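Asks: Here it is: the structure, laid out below.
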Amino acid sequence: MIMGKKKRRCRFCKNKIDEIDYKDTSLLKGFINERGKILGARITRLCSSHQRRLAQAIKRAREIALLPYEIK
């Protein structure tokens, strides 16, 4: 019997979350590294649509100074 790979599901798809709020900094901080860069989809295991929405929310939070652009 051949076992297939276990399909990894996007965290937001699994919990049926459509909107990623840019004001939820505690959630967004989990998707940036210690230097302040946005983590890639392979690391975060998000689907492409949620990865785009996440990146957009992080960039919007940076613009209004909720998140830093760079951590030194």
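Asks: Given 0.36 nm per residue, what is the gain on full extension from ASN33 to ILE64 after removing their alpha carbon distance, in nm?
Replies: Gain on extension, ASN33 to ILE64, equals 9.2 nm.
Asks: Whole percent per 10 Å bin, from 0 to the bin with the longest distance: what is P(r) over all C-alpha pairs of region 11-63?
Replies: So the P(r) values, bin by bin, are 25, 63, 11.
Asks: Same structure, new question: Please arrange LEU46, LEU67, LEU27 by how many other C-beta atoms lie within 10 Å of their C-beta, fewest to most.
Replies: Ordered from fewest to most neighbouring Cβ atoms within 10 Å, LEU46, LEU67, LEU27 come out as LEU27, LEU67, LEU46.
Asks: Counting Lys and Arg as +1 and Asp and Glu as -1, what is the net charge of the other residues whose Cβ lies under 12 Å from the Cβ of LEU39?
Replies: +4
Asks: Quick one: dipole size for region 11-63, taken about the Cα centre, charges +1 on Lys/Arg Cβ and -1 on Asp/Glu Cβ, in debye to the nearest 20.
Replies: Around 200 debye, computed over region 11-63.
Asks: While we're here: So what's the net charge close to LEU67: Lys and Arg +1, Asp and Glu -1, counting the other residues with Cβ under 12 Å from its Cβ?
Replies: It works out to a net charge of +3.
Asks: While we're looking at this one, here's another question. Any idea what angle helix 48-63 forms with the longest principal axis of the chain, computed on alpha-carbon atoms, 0 to 90 degrees, nearest 10?
Replies: It works out to around 10 degrees.
Bear in mind that the values in this text are calculations on the coordinates, not laboratory data. Worth saying up front: this structure is predicted, and the values here are computed from it rather than measured. Reconstructed Cβ throughout: ideal geometry from the backbone, glycine too, with neighbour counts over all protein chains shown.
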